[in-house]
Structure formats: structure tokens, C-alpha cells
Amino acid sequence: MEKPAILGGEPIFSEGVPITIPTLPKLDIDLIKHLDNMFSMGSLTNGRYVRELEEKMADYLGGKHAIAVSSCTSGLMLAIKALGLSGEVILPSFTFSATAHVLVWNGITPVFVDCDPQEYNLDPELIESSITDQTSGIIAVYTFGNPPRMQALEEIAARNKLKLIFDAAHGFGSTYKDQRPGGFGDVEVFSMSPTKLLVAGEGGIVATNDDELARNIRIGRNYGNPGNYDCEFAGLNARMEEFNAYLASASLENLEGFVQRRNQLVRSYKKMLAGLPGISFQDITDGCRSSYKDFSILIDKKAFGLDRNKLYEALLAENIETKRYFYPPVHCQQAYHHLRDRYDGKLTATDYVAENILCLPLYSHMKEEKVLQITLAVKRIYEFREQIR
Ligand SMILES: *Cc1c(COP(=O)(O)O)cnc(C)c1O
């Protein structure tokens with residue numbers, strides 16, 4: 001085996017392989033025609049294309065209503081406000097920062113609960129011991145596309161009279177026991193930013209079965225204005241642009257293909273990495289399908305012979321970009337330093353997974369050949385672990 005690039009060998013890739021690339025529709029005459037429509041109607045935001053997207057989403061997703069917003073972050077901010085949450089809300093720390101930020105913007109204290117060490121989702125069994133008389137809700141996340149344990153979460157929320165919100169930023173294409181997301185809990189909020197499967201550019205979808213909530217999200221994305229400029233509450237400008245809605249509709253048509261392809265690529269990754277000591281994979285919730293927004297490996301540094309950071313560096317030398325998602329976990333980020341003492345040493349699974357996880361390149365039009373070469377890079381780094389260390 002040739003020396004890995006970190007030891008002076010030839011890099012496996014001559015050009016950088018990014019962690020992900022959005023899969024976009026062709027820049028063709030069809031797209032120009034739609035742009036021409038938008039221009040000639042003079043309608044650039046919250047018009048026909050947004051309405052069409054919402055109809056398609058309501059058909060596709062499991063919920064009754066689908067409301068397009070400017071991002072998953074703004075959708076979560078509005079949903080939390082419209083549900084009237086206050087005090088404390090329980091959420092995982094092993095997530096993207098925005099899951100917690102949306103609480104802070106609503107004057108709510110985030111209460112971090114540990115994740116399951118195999119599934120990486122909020123561990124339902126640890127929730128109830130963190131509930132206080134201040135707790136008003138729970139936010140669970142589809143970590144990397146893995147559906148949360150819905151039944152357990154819904155039972156806990158009902159038993160304790162808490163609102164249940166899903167940060168489904170990674171949820172497009174996931175299924176929970178053959179059911180599509182969009183109808184679980186009180187509300188589910190999806191992201192369509194460029195690193196997700198379904199891409200609008202920037203954009204989000206709020207999905208719910210609750211008529212009143214749906215109405216308030218619609219008003220809330222428009223400053224809180226019900227149409228007569230007599231604002232019912234302090235809303236946001238969280239409208240979606242027409243062009244973004246067009247992109248999202250085009251992406252939705254291909255979504256099933258994207259998810260199947262990602263699942264196929266992940267099977268290849270796993271097959272080719274199987275047998276390498278010290279590498280394990282995320283467990284997917286029983287009977288569920290992950291969208292594989294991200295494909296992660298967990299490095300046991302003793303068994304693998306190198307730690308996650310060294311593997312990250314060695315892969316970068318091979319021109320392979322990987323990401324330490326989610327590191328640092330939210331409770332360790334500067335913005336949450338004031339809460340840090342409360343969690344010191346308490347979120348053991350979160351700390352362990354965050355320190356040892358690495359996401360490998362994955363996108364919906366990636367070729368099998370790339371998987372082969374990336375796994376080859378990992379294998380030769382492993383073979384030369386003594387010298388690299
Ligand atoms: C991307 C992401 C968000 C934020 O989505 P935006 O559409 O960029 O606002 C929220 N939560 C998670 C888990 C994410 O990965």
C-alpha cells in the first residue's frame with residue numbers, strides 16, 4: 001500500500017472532495033421560463049410558486065398543513081412563539097446550534113439532555129428526570145436523518161402536558177415505520193438550506209395538524225400582520241422567495257431518488273469500512289429509514305490507533321473534506337458558557353460522540369467510485385497509523 005498523503009504520499013484525490021454539494025435542477029430553458037413568469041408577474045416573494053410548493057408539501061408530508069418560511073431557524077422561532085412556550089424547554093446538546101438559539105430568541109432557557117450513544121438522538125429515557133415545573137416543551141431532532149423514537153416522546157409529552165416540537169431539519173426523506181414526517185408532535189420544522197437533501201437555497205417548511213397553529217405561523221411569517229396591519233403579535237419577516245420555492249418544488253420531485261441513492265452509498269461505505277477496527281456507525285431507529293443527510297463514523301481511538309482529529313487531518317491531506325458534526329456540542333459553545341457548569345460531565349454520551357465522530361462526504365449525485373476511493377484513503381491511513389501517530 002502507498003504511503004498516505006499526510007506522510008508525503010500522493011493524495012488520493014488531486015482535487016478537493018467537499019463534504020457535500022447541493023443537487024440542483026438544470027439551468028435550462030424551463031427554469032428561464034419560470035423566472036420569466038416571476039418577473040412578468042412582478043411577484044418575487046410569497047406568491048404562486050410558494051403556494052404551489054405548500055400544496056405539494058402538504059400532499060407529500062404527513063401533516064395537514066405545510067407553511068413555507070425563510071429558514072428552519074425562523075420556522076422554529078415562530079412555532080415556539082405561536083405555541084406559547086416559556087420557562088424551560090428540553091432538547092439535545094448533540095445538535096446544530098440553531099435548535100437551542102431559537103429558544104434563547106424566545107426568552108426560554110434551554111435544558112440539555114443527553115443523546116442515545118448509538119442512535120445519537122435525544123434519549124427519551126432521560127427526559128423525565130429533567131422536567132421541572134418550569135418545563136413547557138421538548139424539542140427532538142432527526143439527527144443526520146435518523147427519526148426520533150416518536151411513540152416514547154409522544155407518551156412523555158402527553159403524560160407531562162408538554163408541547164412536542166421536532167427539529168426536522170434533516171427529516172426530508174426519512175420515514176418512521178413507513179410514515180413520512182410532518183404529522184408528529186405539535187409541529188415539525190424542516191430545512192431546505194444548501195447542505196440538506198431538499199434544497200431551496202434558503203428556506204424551511206413548518207408542518208402541523210393544528211389549524212390554529214398553522215394560521216399563526218402564516219401571520220407570524222408576515223410580521224404578525226393578519227392582513228389589516230393590526231398585528232396580533234410580534235412576528236418576523238420569514239417569508240419565502242418565489243425562486244427558492246421553485247427550486248424546492250423541483251428538488252421535491254427528485255427527493256425519493258436522492259434518499260435511495262444516499263442509502264445505497266451508505267451501504268457501500270459500511271461494506272467497505274467493515275472489518276476496520278475501531279470504526280462504528282450510527283444505529284438507525286428500529287423500522288425506520290434515515291434520509292442520511294449525513295453519514296458519520298465513530299472512531300474508537302484505542303482500537304483504530306488514531307483519534308478523530310488525526311483522521312480528519314490525514315483525510316484533508318488526501319483532499320477529502322470531512323466534518324466534525326456536531327462539535328463542539330451546543331452546551332460547550334461560547335454562547336452557552338453561562339450554562340456550562342450545570343452540564344459538566346453530565347452529558348457523557350453527547351461528549352463522547354461529539355469528540356469521536358466524523359462525517360464523510362455524501363451528496364445525492366455522488367458516484368460509487370468516490371466512496372471506494374474515500375474508504376481506500378481511510379484504510380491506508382489506518383495501515384500507517386503508527387507512523388502518523
Ligand atoms: C441546518 C439546521 C438547522 C437550521 O436550518 P436553517 O434552514 O439553516 O435555518 C436547524 N437544525 C438543524 C439540526 C440543522 O441541521
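The values are calculated or read from the model by the stated rules, or taken from the named source; none is laboratory data. It should be emphasised that the depicted structure is a prediction, and the values quoted were computed from it without experimental measurement. Positions of Cβ are generated from backbone atoms using ideal geometry, with glycine treated the same way; all protein chains shown enter the neighbour counts. To get the accessible areas, we keep the full protein, side chains included, count just its heavy atoms, and leave off ligands, DNA and RNA. Shrake-Rupley method; radii C 1.70, N 1.55, O 1.52, S 1.80 Å.
The table that follows gives values for the structure above.
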| item | result |
| --- | --- |
| Scope segment 198-230; condition away from the ligand (no atom under 14 Å from the Cβ), open to solvent by 20 Å² or more (accessible area, probe 1.4 Å) and in contact (Cβ under 8 Å) with a residue 12 or more places away in the chain; matching residues | Asn209, Asp210, Asp211, Asn216, Arg218, Asn222, Tyr223 |
| Of all residues in segment 157-197 being of a type in the set (A, V, I, L, M), part of a loop (DSSP other than H, G, I, E, B) and more than 11 Å from the ligand (Cβ to nearest atom), the one that is nearest to Ile127 (Cα to Cα) | Leu162 |
| Residue list for segment 323-355, restricted to those being buried (at least 22 other Cβ atoms within 10 Å of the Cβ) and within 28 Å of Pro11 (Cα to Cα) | Phe326, Ala354 |
| Check on Ala169, touching a residue at least 60 places away in the same chain (Cβ under 8 Å), within 12 Å of the chain's Cα centre (by Cα) and more than 19 Å from Tyr292 (Cα to Cα) | no |
| Residue match in segment 326-349 (condition: within 16 Å of the ligand (Cβ to nearest atom), touching a helix residue (DSSP H, G or I) at 6+ places or on another chain (Cβ under 9 Å) and among the charged types (D, E, K, R)) | no |
| Pair list, Cβ < 6 Å and 6+ apart or interchain, from segment 256-284 residues that are open to solvent by 70 Å² or more (accessible area, probe 1.4 Å) to residues that are small (Gly, Ala, Ser) | Arg261/Ser364 |
| Verdict on Asn319 being more than 16 Å from the chain's Cα centre (by Cα) and free of Cβ contacts under 8 Å to residues at least 60 places away in the same chain | no |
| Single residue of segment 29-84 satisfying the filter (among the β-branched types (Val, Ile, Thr) and closer than 27 Å to Asp167 by Cα) that is nearest to the ligand (Cβ to nearest atom) | Thr73 |
| Residue within segment 89-103 that is modelled with pLDDT of 95 or more, open to solvent by 10 Å² or more (accessible area, probe 1.4 Å) and away from the ligand (no atom under 16 Å from the Cβ) present | no |
| Answer residue from segment 141-155, given it is open to solvent by less than 10 Å² (accessible area, probe 1.4 Å) and in a helix (DSSP H, G or I) and is farthest from Asn263 (Cα to Cα) among those | Leu153 |
| Matching entry among Thr132, Thr143 (being farther than 18 Å from Lys56 by Cα, hydroxyl-bearing (Ser, Thr, Tyr), at pLDDT 95 or above and within 16 Å of the ligand (Cβ to nearest atom)) | Thr143 |
| All positions within segment 56-73 that are under 20 Å from Ala234 (Cβ atoms) and either open to solvent by 40 Å² or more (accessible area, probe 1.4 Å) or more than 17 Å from the chain's Cα centre (by Cα) (or both) | Ile67, Thr73 |
| Options Leu76, Leu53, Leu44, Leu85; residue that is open to solvent by 40 Å² or more (accessible area, probe 1.4 Å) and at negative phi | Leu44 |
| Of all residues making up segment 4-31, the number that are of a type outside the set (Ser, Thr, Tyr) and modelled with pLDDT of 95 or more | 17 |
